[in-house]
Structures are given as structure tokens and as C-alpha cells.
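The values are calculated or read from the model by the stated rules, or taken from the named source; none is laboratory data. Bear in mind that the values here come from a model prediction, so they are computed numbers and not experimental data. Ideal geometry is used to build each Cβ from the backbone, glycine not excepted, and the neighbour counts take in all protein chains shown. What goes into the accessible areas is simple: the full protein's heavy atoms, side chains included, and nothing from ligands, DNA or RNA. Shrake-Rupley method; radii C 1.70, N 1.55, O 1.52, S 1.80 Å.
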Amino acid sequence: MSSPVVTDLRCSVQSRSLGELPGGSATSADRFILVELPTPWPASIEDHPMVAEVIATGPTHDVTRILGIRGGSETPNGDEEAVRKILVYRKMPGQPFTRFAGFEATFGTDRLAKGLADAYSGDLAGFTPIEVDPRHPTESTLDVLICTHGSRDRCCGQAGSLLFLELADRLPDNVRLWRASHTGGHRFAPTGISFPDGLTWAFLDGHLLSGIISRTLDPAALSSHLRGCAGFEGVEQVADAAAFGQVGWDWL
């Protein structure tokens, strides 16, 4: 008896039906700059006027990705008293990679462009370190991004948004859940990335993401969902994921 034909042409549905494995597909960078921006976002976040202006100042000395983020509610546009966050997660120069170092600052909407320019140039004097206790990682601040960038891809716009809404009020106080612009790999939607560990995930659902956050799921069972760590590239991501599956959560 022949297998049923999958008629849903969305890329993520097709990818699942083909059994495509996501290992080694994570977007990698030396530095991620996450800035709260009102939605809708343009199809490429680099076309957002504020982001485009900063990028036009010139290339950085490292590989930098700027992502738009937003929390559970929108602040009305034009509200000059509104505040928005900028988060910076970067590799520490000259040190072996174990996790991204995090920094954050809050700006009024009238100062957000200046804050983004400072973050892009590497001037973090106005930013506060995000503290991590390696002994108690599930109690430290964890930023979780779910790609919901519908103007870029409808799989992320639909599946990612549904996942965000499902988990928005269910996570521990130390976890900050964000909608995010395109993080790559929309054929694996819903996709997510967590910081500071930099792990990038595919084909998420509420049960999986909750278990990843609490570190209660068996890493060996997560191989079909782990795209890789954003701190590595290609085959390094695959090797790192294999070690993670063998050693367990202590590998991180």
C-alpha cells in the first residue's frame, strides 16, 4: 500500500513528511543583537529603517546578527514614555566558547536608535551584564526566541505564533519569551533559539519547549529537533549535538 500523498505545500509540512533532519542548520554568529521593535516587521529585518541606518555605518569586526523581538504586548506607537529593551549576546574574545555572554539595557523610544547604534559599534557602557549561575542554569535568566516572522514565511507566522501564544503565560519567572524575526530554517517551523546557551531548535511544540527549558527531556531523544548551537558552524554543530546527546545536559 502506497504512502499517503502530502498535499499541504507549506515548507515545514513537507520537511516533516520527508523526515528531514535539522542538524547542522543553525544560523551562527559571533554576536546577536536583539532589539524590541513594533510589528509588523519588513520581510527582512535589515530593511527596517532603524536597523538599515545602523548597518549602513559599516561592517563590524565580527559576524553580527540583528533580530527584531517583541514580548507579549505592544506598546502604542508614538508613546514617547514607552521603553524597549536591547539584548546583546556575544562570544567573549580570546576565550573558548561555552555560552554567549549577555548584556541588556532599556531605552525610551526616542533613544532606541542611539542604543542600537552603540550595541552595533560594541559600546556596551550603558548595558548591564545578564548574570548566569552555571551551577543553577534553570534558575538563571533564559531568553527564548520563537520565530513568528509571518511577512518572511507563513510557516513561522502561523506555527510560531501559535506556539508563542500557547506558552506565553506558562513559563517560569526566569524565562523571557520573545517573538522574533527570521532566525533561519523556516522549513523547520516552529523554530526557536535560547540564550545564553545558543541552542537552536526545530519542529517545536509546547511539550518539547517546556522540557527543553526545564532540562527534563532526554537529550538523546532531541536529536531530530536540535539544529545546532549558534556558537558553532556546520559540522561543528553536528559534532556538538552528538556529544550533547551522549553526555546529556551537563555537556552544556
Practice prompt. Could you check the simple spin-label distance between SER140 and GLU46, using points 7 Å along Cα→Cβ, in nm with one decimal?
Written response: 3.1 nm
Worksheet item: Which order do ARG179, ARG99, ARG31 take when ranked by solvent-accessible area (1.4 Å probe, heavy atoms of all protein chains), largest first?
Response: ARG99, ARG179, ARG31
Worksheet item: What accessible surface, in Å², does a 1.4 Å probe find on THR128, ignoring ligands, DNA and RNA and rounding to the nearest 10?
Response: 80 Å²
Discussion item. Taking 0.36 nm per residue of sequence separation and subtracting the Cα-Cα distance, how much length would be gained by fully extending the chain between GLU236 and ARG215, in nm to one decimal?
Written reply: 5.3 nm
Discussion item. I need the phi-derived Karplus couplings for the stretch 42-50: 6.51 cos²θ - 1.76 cosθ + 1.60, θ = phi - 60°, integer Hz, Gly and Pro marked x.
Written reply: x, 4, 10, 4, 5, 8, 5, x, 5
Worksheet entry | Dipole of the stretch 128-252, positive end: most advanced residue of GLY185, GLY245, LEU142 [Cβ charges, Cα centre] | GLY185
Worksheet item: Per the 1.4 Å probe, what fraction of the accessible area of the chain, in percent, lies on carbon and sulfur atoms?
Response: 53 percent
Item to complete: Would you give the gap between the C-alpha center of the stretch 124-199 and the C-alpha center of the stretch 43-69, rounded to a whole Å?
Response: 19 Å
Discussion item. Could you work out [θ]222 nm for the chain from helices alone, using -39500 (n - 2.57) per DSSP H run of at least four and dividing by all its residues? Round to the nearest 500 deg cm²/dmol.
Written reply: -6000 deg cm²/dmol
Worksheet item: What does the accessible area per residue of the stretch 136-252 come to in Å², with a 1.4 Å probe and no ligands, DNA or RNA counted?
Response: 41 Å²
Worksheet item: Normalised by the residues of the stretch 185-252, what does the relative contact order come to in percent, with Cα pairs under 8 Å and at least six apart?
Response: 28 percent
Worksheet item: Which value, in Å² and to the nearest 10, is the accessible area of CYS147 when all protein chains are kept and the probe is 1.4 Å?
Response: 0 Å²
